[in-house]
Every structure is written in structure tokens, then in C-alpha cells.
Amino acid sequence: RLTSVGMRQEFLLGGYVKADYIDKLKLINSTLYPKEIEVFTDSSERCVESAACFLLGLFPFGTGPRLA
């Protein structure tokens, strides 16, 4: 399992990538559109948790499409 320190590090890494690729360089759309993003991991729980924490940093809550 990923430790809480590792979760925080992945979340912060996603935030740093967001600052560069989304906010500064405008290479990725700031709104999450699931059809535009693909994420690949192996099936280990640690890798899946790492990817999830990274994506939460890259696309914080509220940046996705509105469902209602």
C-alpha cells in the first residue's frame, strides 16, 4: 500500500505538473474531459493509488464536467 507520505508526494507532483502543463504552457485543457485522458498502471494497489493521487493533484475536485 502507498503510505500517507507517498500519497501526499504524488498529489503534490500532480500539482506541480498542473502548474506547468495546464496553467503555464496550456498544453492540457484545465477542465477534465475523460475521453481526452488515459492513465495506465499495472494492477498493484500501490500503482493504482499513486495514479489516483497524482490525478487528484493534476485535476482537483471541481475541475471536471458538471453532471447535473
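The values are calculated or read from the model by the stated rules, or taken from the named source; none is laboratory data. Just so we're clear, the structure is a prediction, and the values are computed from it rather than from any experiment. Methodologically, a virtual Cβ is constructed for each residue, glycine included, from the backbone with ideal geometry; neighbour enumeration extends over all protein chains shown. Accessible surface is based on the protein model in full, side chains and every heavy atom, while ligands, DNA and RNA are left aside. Shrake-Rupley method; radii C 1.70, N 1.55, O 1.52, S 1.80 Å.
Among the lysines, which have Cα under 22 Å from the Cα of K35 when same-chain residues fewer than 8 positions away are ignored?
Partners within reach: K18, K26.
What are the extents of the Cα atoms of region 29-68 along their three principal axes, in Å, largest first?
Principal-axis extents of region 29-68 (Cα, largest first): 33, 20, 17 Å.
Size of the dipole of the chain about the Cα centre, Lys and Arg at +1 and Asp and Glu at -1 on the beta carbon, nothing else charged, in debye to 20?
In debye, rounded to 20, the chain gives about 220.
Which one is right for this structure if semi-axes √(5λ) of the Cα gyration tensor in Å is calculated from it: (1) 24, 21, 8; (2) 22, 13, 8; (3) 21, 15, 11?
(3)
Counting only heavy atoms of protein chains, what accessible area per residue, in Å², does the chain have with a probe of 1.4 Å?
Values: 5400 Å² over 68 residues.
On a per-residue basis, 79 Å².
At 222 nm, what value in deg cm²/dmol follows for the chain if DSSP H runs of at least 4 each add -39500 (n - 2.57) and the sum is divided by all its residues, to the nearest 500?
Details: 2 runs with 28 residues, N = 68.
Using -39500 (n - 2.57) per qualifying helix, the result is -13500 deg cm²/dmol.
Ranked highest first by the average count of other Cβ atoms within 10 Å around their residues, in what order do 18-28, 43-53 fall?
The densest-packed peptide leads the list: 43-53, 18-28.
Can you tell me the orientation of helix 45-58 relative to the chain, as the angle in degrees between its alpha-carbon axis and the longest Cα principal axis, to the nearest 10?
Here the helix axis deviates by roughly 30 degrees.
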